[in-house]
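To start, the structure under review is shown below, and the notes come after it.
The values are calculated or read from the model by the stated rules, or taken from the named source; none is laboratory data. Here the structure is a predicted model, which means the values were calculated and not measured. No Cβ is skipped: glycine too gets one built from the backbone with ideal geometry, and neighbour counts run over all protein chains shown.
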Ligand SMILES: Cc1cc2nc3c(=O)[nH]c(=O)nc-3n(C[C@H](O)[C@H](O)[C@H](O)COP(=O)(O)OP(=O)(O)OC[C@H]3O[C@@H](n4cnc5c(N)ncnc54)[C@H](O)[C@@H]3O)c2cc1C
């Protein structure tokens, strides 16, 4: 690794040879002068110098990983004696094996990344966290959003690598939940990530993956894979299971869940898409519409709820429908963007083999309910991470934006906004870890009844926290957080994603009501008298 002194850098100070140093790294920005969004003049002003302070005033931390690697020349020789830095660290460092992970900004990362003790995370969790963050950085997944959005807008699937990379690395298995952590009966699926043994892999490993991947577009494009595959693993006939599951877990094929209709959302038992048996009894013929189907634009398989019997939950069957004649999907551009491939789906006499029933005819509601808890838990994990991202973006910005002669962070009213965000993020994250510990330890067969209420109420808490943090972060950042792209672009985009997490997977009102009803039901069943 080359190291240059600031004197050496200072020789490169002209339009034909322009180098600058930022955060200890030297960049040759000569070819970038014409592309710099703020114009070349501002770069030439700091040519040949350490421009870290000027850079921080106008850019978010996300800019350097995007443009930096192609312009990097060398590291900048440190002007501070290393020993002094180590000595000051030692005062605060907690214990060997802990330490800071991430940028170290207080509360911007989960507590256990911040040199604190935790009963939940062991060495394999730390290894996985370090590995997945490096995997994300090396592959530059966070930078792929814009290109993939363009592809989806034209009703096409993002690059295959968006799916196969997740599959090959074992990440699709990792984010799916307990049933996918066992390799049997699918010998041809990839190993779990980071070499973690299947009997060691637990919900905290799964949490780490959802948490870290939430900051990339990979979660949006792969969103329905882990939700859709579980009912197939649990309820499909062996031949169908063996045909579909390995391909989904390897990322070679994709799934969507088609339940909601224009006329039936929260009230799932009211769906009206029909499936009738063909004359030869070999197929169901499906007619109807489904709306807001995540990843539906490109899904090879749609796990579809249809009416085969009378009204209500008792007349619903779950079918695994392959893409084929009569099935059309068209993209719906939602407030949160286009990357999830949200689709309006039309079934016009679509044929689905009778072998593709998941569970029993007219008993599909049971199969449907079986995965709601995992879906809600993943939305909670992502909402907490996204709340932190809003907080973190605003915190960094508040250290460089000056108003009335002070940095924003030096105004007490602004500090209080951060305090309100932190107390909500940390209490929600702590409840999430407690719930995750229950998922690890509770007998799987009682999880749906016992954890349903907690996860429903926690989902409300998490999405309200995300909403609060998006609002406050945008308020702190002012106009730039109302502007697409640039320094405030991350918060602007996250803010638009709030409603989707508060509505999809069970909306706040319905979750609150269900959470209370379910917890009272469980208490009663356990003999509690109120
Ligand atoms: C981004 C996104 C992705 C989605 N992905 C999928 C998907 O992949 N597959 C799929 O099948 N569906 C998907 N959905 C649909 C989602 O599940 C529904 O939007 C959700 O269930 C709510 O249904 P609805 O939008 O029809 O609202 P409605 O059911 O019409 O409710 C409207 C409002 O009234 C409130 N409300 C409803 N009933 C009550 C009540 N009894 N008491 C008090 N308040 C009530 C709700 O909370 C909501 O605020 C997605 C939705 C979004 C926004």
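One table, with the values for the structure above:
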{"item": "Some residue of region 281-295 being near the ligand (Cβ under 8 Å from one of its atoms), more than 17 Å from residue 223 (Cβ to Cβ) and touching a helix residue (DSSP H, G or I) at 6+ places or on another chain (Cβ under 9 Å)", "result": "no"}
{"item": "Single match in 331, 325 (criterion: out of contact with any helix residue (DSSP H, G or I) (no Cβ under 6 Å at 6 or more places or on another chain), within 15 Å of the ligand (Cβ to nearest atom) and in contact (Cβ under 8 Å) with a residue 12 or more places away in the chain)", "result": "331"}
{"item": "Set 137, 169: member being crowded, with 17+ Cβ neighbours inside 10 Å, more than 18 Å from residue 340 (Cα to Cα) and in contact with a helix residue (DSSP H, G or I) (Cβ under 9 Å, 6 or more places away or on another chain)", "result": "169"}
{"item": "Some residue of region 260-268 being within 16 Å of the ligand (Cβ to nearest atom), assigned by TED's automatic domain parsing to the domain that holds residue 340 and crowded, with 22+ Cβ neighbours inside 10 Å", "result": "no"}
{"item": "Segments classed as helices (runs of 4 or more DSSP H), wholly inside region 106-178, with at least 1 members that are touching a strand residue (DSSP E or B) at 6+ places or on another chain (Cβ under 9 Å) and within 17 Å of residue 299 (Cα to Cα)", "result": "145-153"}
{"item": "Which listed residue, of 347, 365, is over 19 Å from the mean Cα position of the chain (by Cα), within 30 Å of residue 498 (Cβ to Cβ) and within 14 Å of the ligand (Cβ to nearest atom)", "result": "365"}
{"item": "Residues located in region 487-530, provided they are within 13 Å of the ligand (Cβ to nearest atom), more than 30 Å from residue 65 (Cβ to Cβ) and surrounded by fewer than 16 Cβ atoms within 10 Å (Cβ to Cβ)", "result": "509, 510, 513, 516, 517"}
{"item": "Subset tally (residues that are closer than 14 Å to residue 58 by Cα and surrounded by fewer than 21 Cβ atoms within 10 Å (Cβ to Cβ)) for region 399-416", "result": "4"}
{"item": "Residue within region 442-451 that is farther than 26 Å from residue 58 by Cα, outside any strand (DSSP E or B) and within 21 Å of the chain's Cα centre (by Cα) present", "result": "no"}
{"item": "Filter result for residue 197 (at pLDDT 95 or above and either farther than 24 Å from residue 353 by Cα or within 13 Å of the ligand (Cβ to nearest atom) (or both))", "result": "yes"}
{"item": "Residue match in region 383-391 (condition: outside the structural domain of residue 294 (by TED's automatic domain parsing), within 15 Å of the ligand (Cβ to nearest atom) and either in contact (Cβ under 8 Å) with a residue 40 or more places away in the chain or surrounded by 24 or more Cβ atoms within 10 Å (Cβ to Cβ) (or both))", "result": "yes"}
{"item": "Flag if residue 398 is more than 16 Å from the ligand (Cβ to nearest atom), touching a strand residue (DSSP E or B) at 6+ places or on another chain (Cβ under 9 Å) and either more than 21 Å from residue 204 (Cβ to Cβ) or not assigned by TED's automatic domain parsing to the domain that holds residue 53 (or both)", "result": "yes"}
{"item": "Some residue of region 468-486 being assigned to a helix (DSSP H, G or I) and within 16 Å of the ligand (Cβ to nearest atom)", "result": "yes"}
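Let's see how each residue does on (1) within 16 Å of the ligand (Cβ to nearest atom); (2) under 25 Å from residue 65 (Cα atoms); (3) modelled with pLDDT under 95:
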{"residue": "173", "(1), (2), (3)": "no, no, no"}
{"residue": "192", "(1), (2), (3)": "no, no, no"}
{"residue": "201", "(1), (2), (3)": "no, no, no"}
{"residue": "206", "(1), (2), (3)": "no, no, no"}
{"residue": "212", "(1), (2), (3)": "no, yes, no"}
{"residue": "232", "(1), (2), (3)": "yes, no, no"}
{"residue": "241", "(1), (2), (3)": "no, no, no"}
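Condition check ((1) touching a residue at least 40 places away in the same chain (Cβ under 8 Å); (2) crowded, with 21+ Cβ neighbours inside 10 Å) across all residues:
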site: 195; (1), (2): no, no
site: 200; (1), (2): yes, no
site: 209; (1), (2): yes, yes
site: 228; (1), (2): yes, yes
site: 258; (1), (2): yes, yes
